[in-house]
1. On a full-extension model of 0.36 nm per residue, what is the gain between His59 and Arg19, subtracting their alpha-carbon distance, rounded to one decimal in nm?
2. Which value in deg cm²/dmol, rounded to the nearest 500, describes the helix-derived mean residue ellipticity at 222 nm for the chain, given -39,500 (n - 2.57) per DSSP H run of n ≥ 4 and division by the residue count?
3. In square angstrom, what is the accessible area per residue of the range 1-89 with a 1.4 angstrom probe?
4. Taking all protein chains in place and a 1.4 Å probe, what share, in percent, of the accessible surface of the range 1-96 do carbon and sulfur account for?
5. Evaluate the charge dipole of the chain about its Cα centre and quote only its size in Debye, nearest 20, assuming +1 on the Cβ of each Lys and Arg and -1 on the Cβ of each Asp and Glu.
6. How would you classify the chain from its alpha-carbon gyration tensor, with a ≥ b ≥ c the square roots of the eigenvalues: rounded for a/c under 1.5, else prolate if a/b is greater than b/c, otherwise oblate?
Amino acid sequence: MAATCQHLSGVRDVTPSARGCEECLKTGSPWVHLRLCRSCGHVGCCDDSPNRHATKHFHATGHPIIEGYDPPEGWGWCYVDEIAVKLDHKTPQRGPIKRWV
Ligand SMILES: [Zn+2]
Ligand SMILES: [Zn+2]
Ligand SMILES: [Zn+2]
């Protein structure tokens, strides 16, 4: 993998905003996997989910890096560079997270 991500230096330790996709919890929608924004702590659902809130969050905010979050797996994704990135630090979950699948 030749590409490098310049956004990793902006990754912060965050507090997850919700125990599940923030928007889907409000509407009662299911998700497949969760993505945690490492800029602000927003929890959204992945692109395999009907509502794709993590990607929508990136388009709305420009926050580049998300972490795979169900459970925390130590990998991340940069939306800007469209590459997988390795995160030094996993974000612990705040509590049990509802699973739909
Ligand atoms: Zn990047
Ligand atoms: Zn969602
Ligand atoms: Zn964010």
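The values are calculated or read from the model by the stated rules, or taken from the named source; none is laboratory data. These numbers come from a predicted model, not from an experiment. All Cβ positions, glycine included, derive from the backbone under ideal geometry; neighbour counts span all protein chains shown. We work out accessible area using only protein heavy atoms, side chains counted, and drop any ligands, DNA or RNA first. Shrake-Rupley method; radii C 1.70, N 1.55, O 1.52, S 1.80 Å.
1. The span from His59 to Arg19 would gain 12.2 nm if fully extended.
2. It lands at -4000 deg cm²/dmol.
3. On a per-residue basis, the range 1-89 sits at 52 Å².
4. Carbon-and-sulfur percentage of accessible area, whole number: 51.
5. Rounded to the nearest 20 debye, it is 340 debye.
6. prolate
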